[in-house]
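The values are calculated or read from the model by the stated rules, or taken from the named source; none is laboratory data. If you're wondering where the values come from, they're calculated on a predicted model, not measured in any experiment. Reconstructed Cβ throughout: ideal geometry from the backbone, glycine too, with neighbour counts over all protein chains shown. Only protein heavy atoms, including side chains, enter the accessible area calculation; ligands, DNA and RNA are left aside. Shrake-Rupley method; radii C 1.70, N 1.55, O 1.52, S 1.80 Å.
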Amino acid sequence: MARRGRPPAIGRDELLSSALAVLRERGVARLTTREVATRAGVSEGSIFYHFGDRQALLTAVFHEALRPLFAFKNDMDATEVRVLEDVRAVLEQYVGAVHTFLDDGLDLLVAAHGDGGLRDEVGAVITANDFGPHRGVAAMSRYFGALKEAGLVADDVDTDTAAYLMVSATFLRSAQPKLFGHAKGVASMTDVIDVVLRMLGADARTSGSV
């Protein structure tokens, strides 16, 4: 839908904040243009002006929820690493970014799978934007690969598997309490990071808990 007329007084970021508030408090089924407009105290036309339609609003909500992960990618700079132990801080930041994302994103995904129409709609958004943990695995693999090219990781180390272990463990630890209501059997991320660093060849030593 093309933008017409004067722009609304309320901005796009404020509408996204209202959309995330609706998602957290009332679920994805109530994440409609009308509900978001009501929460923001504006007309529904403001939603259409900024987003066009409901699917574009859902896409924007996903992008907003993913912002911590997008921001985190800027910290994955292999040229800043002098010794492998320096990577610990990066992996700890990744754990925090995933947890922040799943606070919003997992509720959206779980709710969508309980409704056929929503499932198709959210699925279309995910497919169109290629969302999914595979992107995190690929980014982490590239980061570890760059460390290998810099000579900080031995040539025979399987950096793809190390990346998969890091990403999958982080997602499980963040998602399990939401999905099952408990964290039984979940290893601490400090221990997981220690293992990943040892896989990469570091003399890893625990330096706190995550």
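Each peptide in 183-194, 136-147 gets a packing score, the mean of other Cβ atoms within 10 Å over its residues, and the list from highest to lowest is 136-147, 183-194.
A straight chain from Ala138 to Phe70 at 0.36 nm per residue would run longer than the Cα-Cα distance by 23.1 nm. Within the same chain, aspartates and glutamates fewer than 8 places from Lys148 are excluded, and of the rest, those with a Cα less than 15 Å from its Cα are Asp77, Glu80, Glu85, Asp86, Asp156, Asp158, Asp160. Hydrophobic, long helices, defined as DSSP H runs whose alpha-carbon span along the helix axis is 18 Å or greater and whose mean Kyte-Doolittle value is at least -0.5, occur in the chain at 12-26, 87-112, 116-129, 133-149, 159-180. The equivalent ellipsoid of the chain has semi-axes of 38, 19, 14 Å, largest first, where each one is the square root of 5 times an eigenvalue of the Cα gyration tensor.
Between the beta carbons of Ala124 and Asp158, assuming R0 = 45 Å, the FRET efficiency works out to 0.80 to the nearest 0.05.
Put a plus charge on the Cβ of each Lys and Arg, a minus charge on the Cβ of each Asp and Glu, and nothing anywhere else: the dipole of the chain about its Cα centre is then about 840 debye.
Residues of segment 172-194 with an amide N closer than 16 Å to a point placed 7 Å from the Cα of Glu92 along the Cα-to-Cβ direction: 188-194. Dividing the mean sequence gap of close Cα pairs (under 8 Å, 6+ apart) by how many residues the chain holds gives a relative contact order of 19 percent. These residues, Glu80, Glu121, Glu149, Glu85, go from largest to smallest accessible area, 1.4 Å probe, as Glu149, Glu80, Glu85, Glu121.
Take the Cα of Val195, step 7 Å toward its Cβ, do the same at Asp103, and the gap between the two points is 2.7 nm. For the chain, the share of accessible area belonging to carbon and sulfur comes to 52 percent (1.4 Å probe, ligands and nucleic acids excluded). A 1.4 Å probe run over segment 127-182, with the rest of the protein chains in place, finds 54 Å² accessible per residue. Of Thr79, Thr32, Thr159, the order by accessible heavy-atom surface (1.4 Å probe, DNA, RNA and ligands excluded), from most exposed downward, is Thr79, Thr32, Thr159.
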